[in-house]
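> Have a look at this one.
The values are calculated or read from the model by the stated rules, or taken from the named source; none is laboratory data. Fair warning: this is a prediction, and the values are worked out from it, not measured in the lab. Counting neighbours? That spans all protein chains shown, and the Cβs are built from the backbone with ideal geometry, glycine included.
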Amino acid sequence: MKQVDVDQFLRPPAVVLDQLTTWLKEEAISPATIQIYANWITFEASVSQAELTPQCLRQLYGLDSVTAAPDVRNQLGIAGFLDQSARHSDFQLFLEEYDPGQTDANFSVVSINNGVNDEHSSHNSVEASLDLQYSLSIAYHAMATFYSTGGRGPVVPDGGHPRAGNSTNEPYLEQLHYLASLPDENLPAVLTMSYGEPEQTVPAAYATAVCDLFAQLGARGVSIIFSSGDSGPGGNTCETNDGSARSKFLPEFPAGCPFITAVGGVQGLNPERGAGFSGGGFSDLFQRPTYQDHAVKEFLEQLGSQWQGLYNPKGRGIPDVSAQSNHFIVRDHGLYVQVGGTR
């Protein structure tokens, strides 16, 4: 059989080709780019940008016309830990590229417990850059402070944190003690923290003290926003560190504290769906607050016996709300990178 015979054999019927090309034209595909070959067809189609930018988020969530009043009562606090620096140069160049209408946005830095404030540090600062670049783009004109806090928090070893002397847990108490010492007029109206670790790696007394301070700040008017975690419902290991090595879902801390708002992650559009890496589940340390009773009981009824024994049905549910969490474009160390996670 000759090639021309093969091509003719594989070629779709004319009526099918007519239907296909008509559909492509109806979907705004330029006829000039449609090319029909023996057994395939090519065309050129424009696509929406793949990454999420501040302008995309404002449009998606109806915040296009929202601008914060530059007032001391509209202070935004952004938590910084683990030696990540707030880089003004990356921040300004990010705004010029992705949010040119808001290039006058700015922030100040407060160092707590010898927290780093080094514009030229070679240390990875993607988390700090992400938090600053998106928080201030969304909360345009808000007075913002980056609280860079040094040190590490205590750790109870588990499979993801095998050594007590090598903690990557955040020093929450140092930052919270500083904030609690401020007069009310100097407190941020909103404090956002994009950090966390498996609840079982945090000593219970330390976790309780941290949660109590969140409650105190909340009583003084501070709304505290926390990520729900980036390791799904099982944490890093899905295994307890109490000596039994049981398989179990592992909730994140401080997302399980009932005095903060825990934010999970979704991805995609129309519909948005939960991101697989988004932390969630039920705290083993903090009981479910009454404000969650209706939603959680309804969820547990739908869940039935599935996953029974792998979570604490009486614990504080995580997260409270969710938002887009993937394909963020961030500038750090002069380079643009794409990242995801609950922020």
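> Look at L132 and say whether it is under 21 Å from Q338 (Cβ atoms) and in contact with a strand residue (DSSP E or B) (Cβ under 7 Å, 6 or more places away or on another chain). Outline the logic, then answer.
Values: under 21 Å from Q338 (Cβ atoms): yes; in contact with a strand residue (DSSP E or B) (Cβ under 7 Å, 6 or more places away or on another chain): yes.
Answer is yes for this residue.
> All but one of (1) in a helix (DSSP H, G or I); (2) in contact with a Phe, Trp or Tyr (Cβ under 9 Å, 6 or more places away or on another chain) hold for A205; state the number of the condition that does not hold.
Among (1) in a helix (DSSP H, G or I); (2) in contact with a Phe, Trp or Tyr (Cβ under 9 Å, 6 or more places away or on another chain), A205 violates only (2).
> Oh, and also: Inspect region 85-99 for any residue being assigned to a helix (DSSP H, G or I) and not assigned by TED's automatic domain parsing to the domain that holds I225 and give the result as yes or no.
Scanning region 85-99 turns up no residue that is assigned to a helix (DSSP H, G or I) and not assigned by TED's automatic domain parsing to the domain that holds I225.
> Looking at the structure I just gave you, is A262 of a type outside the set (S, T, Y), touching a residue at least 24 places away in the same chain (Cβ under 8 Å), in contact with a Ser or Thr (Cβ under 6 Å, 6 or more places away or on another chain) and assigned to a loop (DSSP other than H, G, I, E, B)?
It is false that A262 is of a type outside the set (S, T, Y), touching a residue at least 24 places away in the same chain (Cβ under 8 Å), in contact with a Ser or Thr (Cβ under 6 Å, 6 or more places away or on another chain) and assigned to a loop (DSSP other than H, G, I, E, B).
> Further question on the same structure: Can you confirm whether A105 is within 17 Å of Y140 (Cβ to Cβ), at pLDDT below 85 and either touching a Pro at 6+ places or on another chain (Cβ under 9 Å) or buried (at least 17 other Cβ atoms within 10 Å of the Cβ) (or both)?
For A105, the condition - within 17 Å of Y140 (Cβ to Cβ), at pLDDT below 85 and either touching a Pro at 6+ places or on another chain (Cβ under 9 Å) or buried (at least 17 other Cβ atoms within 10 Å of the Cβ) (or both) - is not met.
> Still on this structure, I have one more. Return the residues of region 67-84 that are assigned to a loop (DSSP other than H, G, I, E, B), of a type outside the set (A, V, I, L, M) and under 17 Å from S223 (Cα atoms); say none if nothing qualifies.
Listed by number, the list holds a single entry, D71.
> Then there's this: Picking from L300, L250, L269, which residue would you name as being assigned by TED's automatic domain parsing to the domain that holds N169, in a helix (DSSP H, G or I) and of a type in the set (A, V, I, L, M)?
Unique residue meeting the criteria: L300.
> Of the residues in region 289-329, how many are modelled with pLDDT under 95, aliphatic (A, V, I, L, M) and buried (at least 18 other Cβ atoms within 10 Å of the Cβ)?
1
> Now for a different question. Looking at region 314-343 only, could you name the residues that are free of Cβ contacts under 8 Å to residues at least 40 places away in the same chain and in contact with a helix residue (DSSP H, G or I) (Cβ under 6 Å, 6 or more places away or on another chain)?
Once the filter is applied, which keeps residues that are free of Cβ contacts under 8 Å to residues at least 40 places away in the same chain and in contact with a helix residue (DSSP H, G or I) (Cβ under 6 Å, 6 or more places away or on another chain), region 314-343 yields only G317.
> Continuing with the same structure: Could you identify the single residue in A204, A209, A180 that is out of contact with any Cys (no Cβ under 6 Å at 6 or more places or on another chain) and under 16 Å from S223 (Cα atoms)?
Every option except A180 fails the conditions.
> Taking the criterion of being hydroxyl-bearing (S, T, Y) and surrounded by fewer than 20 Cβ atoms within 10 Å (Cβ to Cβ), would at least one residue in region 67-84 satisfy it?
yes
> Follow-up question, since we're still on this one. Anything in region 215-246 that is of a type in the set (S, T, Y), buried (at least 17 other Cβ atoms within 10 Å of the Cβ) and assigned to a strand (DSSP E or B)? List them, or say none.
Listed by number, the list holds a single entry, S227.
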